[in-house]
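> Dropping a structure here in structure tokens format, bear with me for questions.
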Amino acid sequence: MPPLTEEDFVAALRGLEHRYWGAHPFHHRLHEGALTPCELRIWAANRWYYQRMLPQKDAAVIANCPEPEIRRRWLDRIVYHDGSAAGEGGAERWLRLCEAVGLSRDEVTDERRVVPGVRFAVDAYVTFARTKPWVEAVASGLTEMFSGHLMRRRVGDMLANYPWISRDDLDYFTTRVDAVSGEGQETLEIVVRHCRTRARQDAAVRALSFKCDVLWSMLDAIETACARPSGANREDDPARADDGRSGEGADPTALSRAGVVPAAPRVEV
């Protein structure tokens, strides 16, 4: 089968935008201001696991890529998330958002709130990057093409609908908007340049489709974790033992029974 023209190939990739997690019902509720404080915490704590694993995914791309130029360019992504020193980077900014929604750092970083479905999806994504050809791993990251406008909208909607969250608390999104726009174009150029056969083009489209499935599955799992226990009508975590502003005093066993934290051990993929 002959390869697609560059225009048609790019159109096939961009044609997956409707499957990006921006269209997920949970994100609609987030932007509408319909999430409770408890649900915001569940979202932020579980999204942390994704943020934490992104540098490992990017390290896998570097490890598998034979081209020094691309390896050098990809290093910036690891530094962006991990920072060039402790207390810097995208992961640190995400932790500040977690604190803003009422989580303690300990309960985020020890991952007691990460539900199995989110862990499984994220680990599958990292495994994909480690085991697939490097250009497919790069192509899976083309969700960057769809995320810039969503981040801009998120900042405005969260400031409007969750008054206890400040603009400074949303630094992860405000600083990421410009970065992701440039990265998305760079990633697209790499994929187009290295996918010259139809087989490689089709594999790149499948890789991006897979990433969309990963993100959608994460939100499915988060939505399930947000479901209220039967008969519960509290606005805050039903298992919290404190005033709801932090994780201090929370009983992990009770949290697990409430559906907020998995009781199962970590799943390795």
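Coordinate-derived values only; no laboratory data. Note that the structure is predicted; figures quoted are calculated from it, not measured. Neighbour counts are summed over all protein chains in view; Cβ atoms, including those assigned to glycine, are modelled from backbone coordinates with ideal geometry.
> About the Cα centre of the stretch 124-184, what is the dipole size in debye to 20, counting +1 per Lys and Arg Cβ and -1 per Asp and Glu Cβ, all else neutral?
Computed about the Cα centre, the dipole is about 160 debye.
> Take the Cα atoms of the stretch 1-51, find their three principal axes, and give me the spread along each one in whole Å, biggest first.
52, 24, 14
> Can you give the percent of C-alpha pairs in the stretch 25-76 whose distance is more than 12 Å?
Percent of Cα pairs beyond 12 Å in the stretch 25-76: 71.
> Percent relative contact order of the stretch 60-161, based on C-alpha pairs within less than 8 angstrom and at least six residues apart?
Over the stretch 60-161, the number comes to 28 percent.
> Tell me, in nm to one decimal, what length is gained between ARG167 and GLN185 on full extension, where the rule is 0.36 nm per residue of separation less the Cα-Cα distance?
Gain on stretching ARG167 to GLN185: 3.8 nm.
> Can you compute the FRET efficiency between ARG71 and VAL10 using 1/(1 + (r/R0)^6), with r the Cβ-Cβ distance and R0 = 22 Å? Round to the nearest 0.05.
0.35
> Let me ask something additional. Residue by residue through the stretch 71-81, which ³J(HN,Hα) values in whole Hz follow from phi under the Karplus form 6.51 cos²θ - 1.76 cosθ + 1.60 (θ = phi - 60°), with glycine and proline marked x?
Couplings: 4, 5, 5, 6, 4, 4, 5, 5, 5, 4, 7 Hz.
> Give a residue-ordered list of calculated ³J(HN,Hα) values for the stretch 202-219 (Karplus: 6.51 cos²θ - 1.76 cosθ + 1.60, θ = phi - 60°; whole Hz; x for Gly, Pro).
Going residue by residue, I get 5, 5, 5, 5, 5, 5, 5, 4, 4, 4, 4, 5, 4, 5, 5, 5, 4, 5 Hz, with x marking Gly and Pro.
> Out of every Cα pair in the stretch 16-135, what percent are spaced more than 19 Å from each other?
Counting pairs separated by more than 19 Å, the tail of P(r) holds 57 percent.
> Counting pairs of Cα atoms in the stretch 56-205, how many percent are more than 23 Å apart?
46 percent
> Follow-up question, since we're still on this one. Semi-axes of the stretch 137-219's equivalent ellipsoid from the Cα gyration tensor, sqrt of 5 times each eigenvalue, largest first, rounded to whole Å?
31, 14, 7
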